[in-house]
Structures are given as C-alpha cells and as structure tokens.
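The values are calculated or read from the model by the stated rules, or taken from the named source; none is laboratory data. Treat the numbers as computed from the prediction; the structure is a model and nothing was measured. So basically every Cβ, Gly included, is an ideal-geometry build from the backbone, and we count neighbours across all protein chains shown. Please note that ligands, DNA and RNA were not included when accessible areas were found on the heavy atoms of the full protein model with its side chains. Shrake-Rupley method; radii C 1.70, N 1.55, O 1.52, S 1.80 Å.
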Amino acid sequence: MNGTYSTGLVILSILVAILASYTALDLAKRISRIQVSRYRHLWLIGGALAMGVGIWAMHFIGMLAFNMPMKIGYDPWVTLYSLAIALVVSWFALYSATVERLSLTHLLAGGISMGIGIAAMHYTGMAAMTIHPAMVYDGWLYAASVLIAITASIVALWITFSLRADSQKHALIRKLSAATVMGFAITGMHYTGMAAAQFAPHSVSLATHVDNAWLTIAVSAISLSILIITLILSMLDARLDLQNSNFTQSLKAANDKLLHFATHDALTDLPNRLVLTERIERAIHTARRDHRPFAIIYLDLDGFKMINDSLGHLIGDALLKSVTQRLLSILSQKDTLTRVGGDEFVLLIENLAQPENCLVICEQIQAAMRIPLEAGKTKLHITASIGVAIFPHDGDSVESLLHNADAAMYEVKRSGRNAYRYFEPVMNTNALRTLRIQADLHKALDNQELKLYYQPKFLGDNLELNGTEALLRWNHAELGEISPNEFIPIAERSGLVLEIGEWVIRQTCRQQVEWIKAGIEPIKIAVNLSAKHLRQRNLDALILAIVHEYQLDPRLLMLEITESAVMEDAEENVATINQLQRVGFEVAIDDFGTGYSSLSYLQKFRVRQIKIDQFFVAGLDKNHAEGFAIVSAIIGLARALKMEVVAEGVETHSQLQKLMRLSCDQFQGYLLGKPMPAAEFTSLLRRRRMPRLSG
C-alpha cells in the first residue's frame, strides 16, 4: 500500500524542526552561562520540555503529512511513550551540550546515544498507528535512518557546543544557519524512516481514529507556542542577565575606582601610605624568608613651600607631577614610589644585594633633580633631602623603618639640605629634640622666654659706636639656652618665623622708645629677615605700620637679609628690597660672599650695606694672599657700588688692623663687643664709646 505526502505539512514539519533546533542552540548557550546549580537544573528541565515537544511535534506532523488510503489512528499511550522518549533525549542533548569541556569521546558517546534515542522515538511513534497486518521495514533504509539520526546528533552536539562562545555580532546568523542544518538533518532522518516502512495491501489501523486536520492544528499550535514562549523567556532572561551583568560591571568599576581613590594619591596617581604600609609588611616577610635587606628612602623637596607660596598651587602641583615622573624614570618596576605628604615621597627599594647599593639610587635621584623640571610653562630647579633606613639594621617594623628614614631625612634638612644620609641612632635623639623645640616655640613668646641681645657695630678708625644688631636668644625653661642656629631653621620650616620676626621688630621699636624716653639718642638697629619674610605680601607696609605705631623714623631700622635668602627668588626680591628702601628702610646683605649672587643683581639691589661673612674675616689671620685679596675685592666692589662694608666676626687685633688698612667702613665682632642684654647695651649707649680693647 502506497501513500502520499501533504506538501504544506512537510514544510511545516521542517519549520518546526528548525525552530526546535534554534531553541536548543539558544538554550544550550543560555544554560552554559548559568552558575547557580539549582537555577541551571530548572532551565535544563524547561529546555528539555520545549525541545522535546518540538522534536516530537515535528515527527508527529511528519506522520500526519503522510496520507494513506486507510484511516489512521494513534494509540494514546504509545504516542505518550514516544513523547517521553523525546523529552529524555532532549534533556540528555542539552546536558551534553552544556558541559564545560566536550571531548571527542564525550561527543561520540553522546551523539550515538542521542541518535538511538531519536530513532527510538520515531519508531515508537510509528508503532502508535497499530497497523494490521503489522508494517515491515526495509533493512537498508531502516539502518540509514538510524545512521542519519546518530550523525545528525553528533553534528548537532558539536555545533551547539561550538556556538556557545560566539560573539554577539555574528551569533544570530550562525545560530540560524546551524538551526537550519540541524532541522533538515532531523527531518531527513524522519522521512527516511517513513520511507523504510512498508504496508501490506488492505492494511487497517486498529487505533482510535481522529480528525487529522484538528490533530495537526492542535499539535502545531501547542508545540509552536511552547517553543516560542521558551525562546521569549530565554531572551527576557538573557536581557535581564545582561542588565544585571552591566549593573554588576558598573558597580565593580565604581568599586574599583573607589578602591583606587582610597589607595592612590589624587594628584600624582602614586600609591599612598596605605599601600606603602602593606608593601613594606610584605617586603619584611620576604626579606626574613630570603635573608635579603631592603631600603626605605624618605625624600623631601627643598624649598617646595616657597615655590607653592610664591608661584601658586597650580605651578606647585605641576612640579610635583614632574618630580613624580622624574623619579619613576630611574626606578625599576619592582620598586615602589609613594607620595605620603605635600612634598614628601617614600621609596621602597627591594631586592638589595648589599645595603650600599642604595647609594647608587640616592645619587641617581640627586642627579635627576639637577636637571630643570617643567612645571607648566615654567622650568624650575629644585633639590631634595633624602634619608635612608635599611631593613633589618635600622628597624624591623613598618613604623620603625619609616620613622628612622624620616629622622635621617630631617637630619639632612637640619644640616643644610640637598644631600642624603643613612639613619644613625643618634638621629632619633636629635629628631625628638627638634620636635620638642618646634612644639615649645609656640609657647616661647607667651612665656617671655625669647629675649633680644644687642651686638654693637663700630665705625672707622676711631671705633665710634655707630649701630647695633638685634640677636634673638632663647632660654628654654627645661632645655636651657638654645642656639639661634638651632631654633631659627626650625622656626622657618614650621612657618613660625613670621610671627617671631614681627615680635623682634616690635621689641626693637619698644626699645628705641625706651631709650628716647630715657633721654638717650636712639641708634640704628639691624634686624634679620628670613627668606619667608621676603615672600610676605606687602612686607614694606607691614613693617612700616609697626614703626609708625611707635612713632619712629624708619631710618632707625636696618633690615638684614642673607645673600642666600635674597637669591632664592632674585627677581621678586629685587622688587621687595627696592620697595622697602623706597618707604625709608635701609637694607643690608648679610653673610656676603657665601651665596651665589651675580654683579648684575647686586647692582639691582642697591642696598645700603654689605656685611662680609666671618669666614673671610677669619682668613685674614692665616696670612694667605688669597684671603686678603677676596676681602679687598669685596670692599672695592662695595666702594664702586657706593655701599658701606661691615666686617662681621672680628675676633683678633690682626684682623682689625688689616680691615682698617683696607678702609673697611664698620666692624662687628667679639673683639669689640659681644652680644649683650638690653640693660648692658644701654650703659654702652650712655658712654657712646667702645670698651677698652683687651690683649
């Protein structure tokens, strides 16, 4: 008995097969990305239901497409058995396609099992027709159908697995192409199996007859609905996952950014103290295990605050960035550079074969700093004070290593800057004393611990008293006398020198008023100003206001500034000094010869006095022609520029005689008069003559 096929239903069966294949591919990719076990199993079950119904529906529609002279019925239980087989085969297919790694053995075993299962579903469905006499199968076509089922299953598994990692750009086209191939393969197996079936003449179906049209509509509608709903749910779930993934990525990016902000310096993007502490702790652990030292280098930029104050924070920030890049260029990737303060950097140098190797790095840093740094459009020169601590010799903890490296750096600052030093135990004592002095300086003015002493200056051959210099002295309640050479630099670093400077000017003005009230003719008092004073805005107005407050003539106050302070920012200081002189103050350059002023700037300053540094005065006793020539040259230069010359530090008759022979204008030193309290100097003022020279 021969039958015919309904073309429309054949096409419908192929479309259902393609849709079922597409659903399987989509679900396999979806399920493979699910990490939660329970959620994954639910999707496997739901996917198996949709895919199984789709494959079974394709098979059933294909059977309904076969028209025979007899009426066909289907045993409901056997039909359900075929559906159950389709569901189990689909679950196995999805499970196999979503494993983490698909080996060749797994592929072949899975494909053969699936192929046999699909064939079993097909032939069980055929048996549901309960044909009498029983249908027989052509052996070759039967075998061909099973072989097609197995081959299609292997290919389907491989395609499904390979498409899981597809990028979004080409995923849809490749998935549609693969689903079409798989759909035709599945329908090819079905129709080959149908062709293998042979029916005897006058065969009848013993199963309950149903209306093929309504059955076709029901099966098609139900299967297509299940497949489409499953696809929609999969896409919605995928979109939700994508949104969650985007949210998670955004949250992770935000957290990463927050973590970066918490662990890095906002200006230079260098690791901060938190990261430094962690890396030093790790370095300590590694060094103890490997018995290798490492170094902590504490670096502070000299004069940075002056640049920041005078040129502005934008230039200061640009300079810090430039310094950062310069330092990074000489360090290895294994080293750690951190910024721990305004202009303070800490370097962690690991893998030191010998502690002495750190010297090379310190010298490289100093050499790098000698090259002008670009800060915006400005090129600046800056130096660094560097302290070094070596593990384990100089500390065995994060705190002790950082503290000792800082103490070594501070010792460099105290000793003149622009150098590097290794930590020594005595530095801790010095550092503690420095901190004590810095803290107590704030109280010294209130506690009246600061006093002014006056050292006289004498004029010409007759040594007439011509002026005095106000010198600050500090008698600490517990530490005793503290030298100005010790506490003045600390005051400068802390910024307290401005307040102290104002106090000194007010005190000298009060002293002048007291002398006037006592009927003593006032005398010119020289007061020392620091580089920080020169950077004060409206310095001339501030000092003039104090002098006018005491109703004094500005010419009674001489302002002494060291040569090195003047040259820190020569162009700005020229304007400041000229303005001070315009409002009536006389200005002197102290310690002349120890700095680096040029003749052009000396001419621009047009100061009243030049004070020869005591180093050159002391050289006059050594009978060196060079020393005599230098002093002679300074005096000659001052004469040419119409400036007075004061020789400070005159301590011997020999020095005094040679200076007189060179026509030096004024003399100051222990030979002629030591610094003395106000009361003692007042007695000297009354006599208006110098004490009798001893020796």
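Counting only residues 5 or more places away or on other chains, whose amide H sits under 5 Å from the amide H of residue 264 once H atoms are built in the peptide plane?
Amide H neighbours of residue 264, under 5 Å, 5+ apart: 272.
Per-residue counts of other Cβ atoms within 10 Å, averaged by peptide: what ranking do you get for 372-379, 494-501, highest first? Let's see the in-between values first.
Values: 372-379: 14.1, 494-501: 17.1.
Ranked by mean Cβ neighbours within 10 Å, highest first: 494-501, 372-379.
Pull up all non-local amide H partners of residue 665: gap of 5 or more, or a different chain, and H-to-H distance under 5 Å with H placed in the peptide plane.
Residues meeting the amide H criterion: 645.
Ignoring any ligand, DNA or RNA, what whole percent of the accessible area of the stretch 310-460 comes from carbon and sulfur when the probe is 1.4 angstrom?
52 percent
At 1.4 Å probe size, with every protein chain present, just tell me what the per residue accessible area of the stretch 292-441 comes to in Å².
Working: 6800 Å² over 150 residues.
I get 45 Å² per residue for this part.
Report ³J(HN,Hα) in whole Hz for each residue of the stretch 512-529, in order, from the Karplus equation J = 6.51 cos²θ - 1.76 cosθ + 1.60 where θ = phi - 60°; Gly and Pro get x.
Karplus-based 3J(HN,Hα) across the stretch 512-529 equals 4, 5, 4, 5, 4, 5, 7, x, 9, 5, x, 10, 5, 10, 8, 10, 7, 10 Hz.
Quick check: at a probe of 1.4 Å, how many percent of the accessible area of the stretch 638-690 sits on carbon and sulfur atoms?
Its accessible area is 49 percent carbon and sulfur atoms.
Quick one: which residues, 5+ away or cross-chain, put their amide H under 5 Å from the amide H of residue 479? H built at 1.01 Å from N.
Those lying under 5 Å, H to H, from residue 479: there are none.
For the residue pair residue 632 and residue 357, what label-to-label distance in nm results when each label sits 7 Å from Cα along the Cα-to-beta-carbon direction?
5.6 nm
Where only protein heavy atoms count, and the probe is 1.4 Å, what is the accessible area per residue for the stretch 503-589 in Å²? Write out the running numbers ahead of the final one.
Values: 3750 Å² over 87 residues.
I get 43 Å² per residue for this part.
Can you run phi through the Karplus equation (6.51, -1.76, 1.60; θ = phi - 60°) for the stretch 413-428 and list ³J(HN,Hα) in whole Hz, with x for Gly and Pro?
4, 5, 8, x, 6, 6, 7, 9, 9, 7, 5, 10, x, 5, 5, 5
Based on the mean of other beta carbon atoms within 10 Å per residue, what is the order of 400-411, 528-539, 189-200, most packed first? Can you show the working numbers first?
Working: 400-411: 23.1, 528-539: 18.2, 189-200: 19.9.
Answer by packing, highest mean first, reads 400-411, 189-200, 528-539.
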